[in-house]
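See structure below.
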Amino acid sequence: MKWINHTLIAGSACAVISPPHAAVCVLGATAPDWMEWVLKVLGKPIKHRTTTHIFTHWLTFALFATFIFDYQGILTAFAWGGVSHILTDAMTVSGVPFSPYSDRRFHLFGGRFRTGDPVEYAISGVFVVCCIGIVAIIGTGGDFIPFFPDWAARYDAGLADAKEWKDNRWRFF
């Protein structure tokens with residue numbers, strides 16, 4: 001998948017669960033690819049979708065960060081962003097390695113999509129719309145929603161004056 005789709009899927013999923021961690025989750029969603037660049041700069045080039053794309057490594061890291069050790073949700077968001085990258089890459093024809101001990105590649109939905117196909121963008125778009133729907137119906141995992149400010153509540157709390165409320169009450173972003 002393209003980076004834009006990795007960031008859209010991971011960012012929208014994280015925005016439903018924990019909006020303040022969305023940036024870290026997006027960083028994790030691109031990590032398997034930029035880690036390849038870092039290794040290349042360090043003089044240890046690797047092929048694409050090999051060492052940095054192993055499903056069991058990312059899943060183990062995510063479970064460790066979620067249940068054993070984490071600092072304010074940062075590692076958890078980064079790790080689950082990486083898992084989302086691996087799962088979305090698994091939908092492509094080339095797939096991803098399931099484990100370092102297996103020579104088989106892991107595929108979702110039969111691995112029918114090619115990177116850059118319109119289907120890839122459609123999947124991302126549907127996922128983002130579903131996440132927006134979930135936020136509209138049940139809200140987010142917290143009170144922090146930076147892109148949808150409640151100007152009436154800000155006015156009632158004394159954080160915004162009447163002119164600011166009138167100027168921004170119909171603005172959704």
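The values are calculated or read from the model by the stated rules, or taken from the named source; none is laboratory data. Values in this document were obtained by computation on a predicted structure and should not be read as measured data. All Cβ positions, glycine included, derive from the backbone under ideal geometry; neighbour counts span all protein chains shown. The accessibility values were calculated without ligands, DNA or RNA, using every heavy atom of the protein model including side chains. Shrake-Rupley method; radii C 1.70, N 1.55, O 1.52, S 1.80 Å.
The table below gives the values:
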{"read-out": "Alpha-carbon Rg/Rh ratio, for the chain, with Rh computed the Kirkwood way", "value": "1.07"}
{"read-out": "Cβ-placed point charges (K, R +1; D, E -1), dipole of the chain about Cα centre in debye, nearest 20", "value": "560"}
{"read-out": "Computed over segment 38-87: relative contact order in percent, which uses C-alpha pairs under 8 Å that are six or more apart", "value": "36"}
{"read-out": "Distance (nanometres) between label positions extended 7 Å along Cα→Cβ at LYS44 and ASP167", "value": "5.3"}
{"read-out": "Selection from GLY125, VAL26, PRO100, by position along the positive dipole direction of the chain (Cβ)", "value": "PRO100"}
{"read-out": "Relative contact order (%) - segment 77-144, alpha-carbon pairs under 8 angstrom, separation at least six", "value": "21"}
{"read-out": "Fraction of accessible area attributable to carbon and sulfur, segment 31-133 (%, probe 1.4 Å)", "value": "71"}
{"read-out": "Qualifying trypsin sites (Lys or Arg not before Pro) for segment 30-82 [loop in DSSP, other Cβ within 10 Å: at most 12]", "value": "LYS47"}
{"read-out": "FRET efficiency, 1/(1 + (r/R0)^6) with R0 25 Å, evaluated for ILE4 and MET35 via beta carbons", "value": "0.85"}
{"read-out": "Peptide ranges 54-67, 73-86, 16-29, 103-116 listed from the most packed, as the mean C-beta count within 10 angstrom indicates", "value": "73-86, 16-29, 54-67, 103-116"}
{"read-out": "Cysteines not pairable in the chain (beta carbon separation under 4.7 Å absent)", "value": "CYS130, CYS131"}
{"read-out": "Distance from segment 1-59 to segment 116-139 (C-alpha centre basis), Å", "value": "19"}
{"read-out": "Charge dipole magnitude, Cβ of K and R +1, D and E -1 - segment 1-103, Cα centre, debye nearest 20", "value": "220"}
{"read-out": "Mean Cα-pair separation over length for segment 1-132, i.e. relative contact order, pairs under 8 Å, 6 or more apart, %", "value": "30"}
